[in-house]
Amino acid sequence: MRRRRWLVWGGLTLAALLVFALLPVASRRYRIEFDEERIRAKQAFLSELAEAPAQPGRPSILLIMADDLGKTDLSLYGGTLAETERIDALAGEGVTFTDAYCTSPLCSPSRAGMLTGRYQQRFGHELQTANRYPRNRLEYFVFKHLLDLGYWKVAELAVPRPEDMARQGLPPSEITLAELLQAAGYDTALIGKWHLGHNEPFLPNRRGFDHHYGFYEAYTLYDDVDDPDVVNAPLGEFSDRHQWSQGRSGTSAIRVNHTIVEDRGYLTDRIAEEAIRVLEQAPESGDPFFLFVSFSAPHVPFQAKREDFELFSHVEDRTRRVYGAMIHALDRGVGRILDRLAGLGLEDNTLVIFVSDNGGAFHTGATDNAPLKGGKFTQFDGGLNVPMLMRWPGVIPAGSVYPRPASLLDVFTTAAGAAGCPLPADRVIDGKDLRPYVTGEVHDGPHPGLFWRALYSKAVRVGNWKMLLNDRTGDVRLYDLAADPEERHDLAPRHPEKVRELEAALEAWERGLVPPLWPRVMDFEVTIDGEVYRFAI
């Protein structure tokens, strides 16, 4: 009888634990509400801009972005894997930035900052958007404690409700560069990757782009994995396996505006072709254009055209060989776009900007960002210091070099200034119009300081001093970038007064920020130079 009672109680306890483990864990704590007052202010500003007379002679704007392209992946900046002669040529025709910084070492937050000219932490887009969290405590326990995810560490159990997950994206209260220029009478198009929300009201056609060809997600396949003319290089690690399995489904599907299409051809080539299609419509329109060409290369999954792969037969490592071929295809695509721009007679009055959203993904083994330290998912310069080039014949001196720190935030303000657009007065705009700086009219740098934050992962650069701070561990690292651009020598113990000075600057900046709109899913953990580094994703 006693044994039977114990079995009953044990069964009930087990059932209760199972129910507890399987119950949904979504919380209203992460409820996302849009700022209706700021949305109305935005609409009023754009309406007023649309009614204002256009500035004569304003240029078209061609913004080309690579994805996870490290600064030293380009031969211009010392790269040796692939010769990037077409991208490098922009440097000879315009200005090269030696110290341009993204606002985050990962895709979505970086793009949010660049397209608004505002630190993304000012409006809660601090972390990577996510459409997948642990469904229950059991799943969380399995991923947290039973699976080896390599660099990826499951974060604390923090799960938004499905309706709040659907609201992750660039808040509709923010003014994108496309919305600004569209209101000013520009024809606007996005070709390629978006990654700023995949539901209404975040979609490209709702955020200022008249036309979109591309995909919403952080990644998609470049081509059919079974095509004999395509070389695949899967990495076999946790996140890479997920990307291969998703393929071109769901948010990774190729779309023309809102419609999913069955698109054939190597994606880097297809993005260039669709960009050229937009350019060819420009002379007929008569209006200036804003064309944002957002390549996915060389972001994983690693796939290359076999003909490009064969050009790198001297590279023994298969992953690096595919990576080099992908950069070669990217360079070719940029060259094709620039050739067509010139062929259409549009080159002289077009501001061309080339950037990467963050540093190279060094954890893949395909690149190392050397001599810079770290890479994507780190706030060392390998993750933050990115390539940036600008060309505008007759305005930007050809073959010039700009050595002071600049930011992708400046893309918004420089383009707005070139187009003669005023800036909204109801919000802080962090970007600076770089034109007077690169032409030598202004000799001071555009930014007294640059700042980064992803929850507990923080960094600041003021002058040549850069500090990294981890609020979870208390780790503080201090570098003099003038003497130590590779960030090898931590000077924090020797310069406590400089640490306090930079901490004060960081705290002052943080007072203008808001909490993240959604929780992180993962932490990235890697050992660099014998020390463990952690970053909130």
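The values are calculated or read from the model by the stated rules, or taken from the named source; none is laboratory data. Please read all numbers here as calculations on a predicted model, not as lab measurements. All Cβ positions, glycine included, derive from the backbone under ideal geometry; neighbour counts span all protein chains shown.
Give 127, 147 a once-over and let me know the one that is buried (at least 19 other Cβ atoms within 10 Å of the Cβ) and either modelled with pLDDT of 95 or more or out of contact with any strand residue (DSSP E or B) (no Cβ under 7 Å at 6 or more places or on another chain) (or both). Show your work before the answer.
Working: 147 fails: buried (at least 19 other Cβ atoms within 10 Å of the Cβ).
Just a single option satisfies the conditions, and that option is 127.
This table checks each residue for (1) surrounded by fewer than 23 Cβ atoms within 10 Å (Cβ to Cβ); (2) among the charged types (D, E, K, R).
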site	(1), (2)
273	yes, yes
280	yes, yes
283	yes, no
315	yes, no
334	no, no
339	yes, yes
*Of the numbered conditions (1) surrounded by fewer than 22 Cβ atoms within 10 Å (Cβ to Cβ); (2) within 16 Å of residue 108 (Cβ to Cβ); (3) not hydroxyl-bearing (Ser, Thr, Tyr), residue 196 fails exactly one; give the number of that condition.*
(1)
*asked:* Which residue is surrounded by the most Cβ atoms within 10 Å (Cβ to Cβ), if the candidates are limited to segment 420-458 and must be among the acidic types (Asp, Glu) and at pLDDT 95 or above?
replied: 430
_Looking only at segment 459-486, how many residues end up being part of a strand (DSSP E or B) and surrounded by fewer than 21 Cβ atoms within 10 Å (Cβ to Cβ)?_
6
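Based on what the data block shows, is residue 423 in the same structural domain as residue 89 (by TED's automatic domain parsing), aliphatic (A, V, I, L, M), assigned to a loop (DSSP other than H, G, I, E, B) and under 24 Å from residue 85 (Cβ atoms)?
Working: in the same structural domain as residue 89 (by TED's automatic domain parsing): yes; aliphatic (A, V, I, L, M): yes; assigned to a loop (DSSP other than H, G, I, E, B): yes; under 24 Å from residue 85 (Cβ atoms): no.
Against the criterion (in the same structural domain as residue 89 (by TED's automatic domain parsing), aliphatic (A, V, I, L, M), assigned to a loop (DSSP other than H, G, I, E, B) and under 24 Å from residue 85 (Cβ atoms)), residue 423 does not qualify.
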*Report yes if some residue within segment 104-114 is part of a loop (DSSP other than H, G, I, E, B), in contact (Cβ under 8 Å) with a residue 12 or more places away in the chain, of a type outside the set (D, E, K, R) and in contact with a helix residue (DSSP H, G or I) (Cβ under 7 Å, 6 or more places away or on another chain); otherwise report no.*
yes
*Considering segment 136-171 alone, what residues qualify as being part of a loop (DSSP other than H, G, I, E, B) and either over 18 Å from residue 240 (Cα atoms) or of a type in the set (Val, Ile, Thr) (or both)?*
155, 156, 157, 158, 159, 161, 166, 167, 168, 169, 170, 171
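Can you go through 327, 271 and tell me which one is in contact with a Phe, Trp or Tyr (Cβ under 6 Å, 6 or more places away or on another chain), in a helix (DSSP H, G or I), of a type outside the set (Ser, Thr, Tyr) and in the same structural domain as residue 346 (by TED's automatic domain parsing)? Working first, answer last.
Numbers: 327 fails: in contact with a Phe, Trp or Tyr (Cβ under 6 Å, 6 or more places away or on another chain).
From the options 327, 271, the qualifying one is 271.
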